[in-house]
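Notes follow once the structure below has been shown.
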Amino acid sequence: MHRAKLFELIGLVVLLFTAGWQFLIEDVAKQQVTAGRIFILDEKVDTIWGYLRDLGTSNDPEHLREAHERANKYFETTETFLGLWPAQSEIFSGVRTVLYVFGSLMLIFGKYFEYRFYKEQVQQSR
């Protein structure tokens with residue numbers, strides 16, 4: 001009986017941990033990434049408009065080259081930032097899923113052992 005309760009307790013703690021992980025960490029991180037992507041999109045539009053303005057107002061080749069380099073550097077930096085999140089998200093989501101399955105199995109095993117214990121008690125009492 002003691003083993004059954006221990007399995008259940010471990011399973012419940014793991015499930016609580018995975019739920020907290022999802023609600024407190026993953027969901028907040030996704031909201032922050034979404035806000036960051038909106039900010040980056042806004043910055044990209046500003047950069048494009050600034051680049052187009054520079055193209056239309058300047059005939060100096062050096063000034064145009066600098067504007068082009070500035071725009072390219074910005075776009076490379078933002079693409080690097082946006083590429084990091086999906087890989088990290090998949091890894092952490094996979095770990096959370098494994099922990100969730102583990103916690104669920106611990107609960108099932110705990111209930112199974114409890115059932116076996118009561119079944120043995122009933123057979124002994126006859």
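The values are calculated or read from the model by the stated rules, or taken from the named source; none is laboratory data. Just so it is clear, the model here is predicted, and its values are computed rather than measured. No Cβ is skipped: glycine too gets one built from the backbone with ideal geometry, and neighbour counts run over all protein chains shown.
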Checklist entry - Does residue 9 qualify as being loosely packed, with under 14 Cβ neighbours inside 10 Å, modelled with pLDDT of 80 or more, part of a helix (DSSP H, G or I) and under 24 Å from the mean Cα position of the chain (by Cα)? => result no
Next on the checklist: Looking for something hydroxyl-bearing (Ser, Thr, Tyr) and either surrounded by fewer than 14 Cβ atoms within 10 Å (Cβ to Cβ) or at pLDDT 70 or above (or both) - is there at least one such residue anywhere in region 73-85?
Outcome noted: yes
Item to check | Every residue from region 30-58 that is in contact (Cβ under 8 Å) with a residue 12 or more places away in the chain and within 27 Å of the chain's Cα centre (by Cα) | outcome: 30, 33, 36, 37, 40, 43, 44
